[in-house]
Amino acid sequence: MGYIGSHTCVELLDAGHDVIVVDNLSNSLASVASRIEQITRKKLDFINADIRHQTVLQSIFKQHQIEAVMHFAGLKAVGESLEQPLSYYENNVTGSLALFGAMLEAGVKTIVFSSSATVYGEPATVPITEDFPLSATNPYGESKLMIEKILRDLAISDSGWRIALLRYFNPVGAHESGLIGENPLGAPNNLLPLIAQVAEGCRDLLRIYGNDYPTVDGTGVRDYIHVVDLACAHIKALEKLASQQGVVAYNIGTGQGTSVLEILHAFEAACQKPIPYQFVTRRPGDIAQCFADVSLAEHDLAWRAKKGIAEMCVDVWRWQSRGVRS
Ligand code: UDP
């Protein structure tokens with residue numbers, strides 16, 4: 001059970017839904033299921049399976065009365081996708097095809113899909129609205145674009161499909177219980193897990209990729225969203241689909257841009273320690289600024305991100321410093 005899926009499970013169970021999780025545990029731990037049960041005091045049905053195995057999915061759809069699917073299963077490291085493109089297309093695209101095929105066969109046509117702001121490629125301006133041109137700069141982004149396209153084609157083929165494409169900006173934070181959070185197996189690539197590791201002492205310093213961007217302080221600006229706010233957006237999207245057919249795409253962010261240095265200082269305040277850093281050259285493929293226009297999601301879903309940067313950092317630090325990640 002991965003990072004965003006696990007937090008969404010908590011919100012689904014809290015909202016009274018029954019949840020069946022399918023995960024091959026390629027980048028997560030089975031122990032997360034019991035943590036979710038501990039937080040919610042509800043039962044979670046966990047099946048260790050790979051979505052590429054369509055026959056397994058078919059039998060799951062036969063054995064349970066499933067109303068809707070939330071699809072979080074995919075590889076997500078940009079750099080790795082450039083080194084192993086086939087594995088990204090195989091896991092993300094082939095896996096999605098198997099899932100959608102099994103859904104079609106079972107007559108389950110409601111899905112919330114984990115897309116990403118990466119589908120906007122290098123946006124010409126910020127904030128980004130959902131009607132910006134779409135493009136990809138790496139196989140990971142390409143796989144998200146392909147899956148969005150496949151879902152759009154499904155909706156054209158059959159008006160019974162109800163599809164929400166949630167384009168996540170930068171998910172960070174952890175559950176306030178400290179029991180679940182981001183737990184990348186191997187070296188992390190994203191900013192917050194790296195800062196947290198420096199704070200914990202397992203890394204010497206943070207390398208900041210570029211201080212000459214045309215931004216508030218020269219460092220890259222992103223739209224960081226608390227994972228619990230993001231999880232809540234899934235519940236709202238599912239509710240919306242009950243009254244809406246076809247495909248709809250929503251930006252899920254806060255609408256606020258934050259620089260690397262701003263995050264770093266917020267984290268220092270959260271952990272009460274200095275975080276050593278060093279400026280290095282820009283990371284190839286990085287853009288200067290990326291933040292969302294979230295008015296569509298706010299309007300259609302009656303949803304809004306509630307948690308700010310300080311809370312995101314406090315929650316990551318609680319999760320990291322409790323050391324309950326195995
Ligand atoms: N970043 C950084 N050092 C790192 C990792 C990330 O300076 O070790 C910067 C990166 O250049 C970007 C921001 O932090 O401006 C967020 O990076 P991340 O990889 O988390 O998200 P993405 O770039 O995919 O939005």
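The values are calculated or read from the model by the stated rules, or taken from the named source; none is laboratory data. As the structure is a computational prediction, the values presented were derived from the model and not from experiment. Cβ atoms come from the backbone with ideal geometry, glycine included; neighbour counts cover every protein chain shown. Protein only, heavy atoms only, side chains kept; ligands, DNA and RNA dropped before computing areas. Shrake-Rupley method; radii C 1.70, N 1.55, O 1.52, S 1.80 Å.
Quick notes on this one:
- Applying the criterion of at least 3 residues that are aliphatic (A, V, I, L, M) and either within 13 Å of the ligand (Cβ to nearest atom) or touching a residue at least 60 places away in the same chain (Cβ under 8 Å) (or both) to the strands (runs of 3 or more DSSP E) found wholly in segment 211-322 leaves 246-252.
- A single entry from Ala237, Ala242 fulfils the requirement of being at negative phi and in contact with a helix residue (DSSP H, G or I) (Cβ under 9 Å, 6 or more places away or on another chain): Ala237.
- Selection within segment 222-269 - over 22 Å from Cys290 (Cα atoms) and of a type outside the set (A, V, I, L, M, F, W, C): Lys236, Glu239, Lys240, Ser243, Gln244, Gln245, Gly246, Glu268
- Against the conditions (1) modelled with pLDDT of 95 or more; (2) touching a Pro at 6+ places or on another chain (Cβ under 8 Å), Pro184 satisfies every one except (1).
- Condition met for Pro171 (within 16 Å of the ligand (Cβ to nearest atom), in contact with a Leu (Cβ under 8 Å, 6 or more places away or on another chain) and under 27 Å from Leu29 (Cβ atoms)): yes
- Residue check for Asp286: open to solvent by less than 10 Å² (accessible area, probe 1.4 Å) and over 23 Å from His17 (Cβ atoms): no
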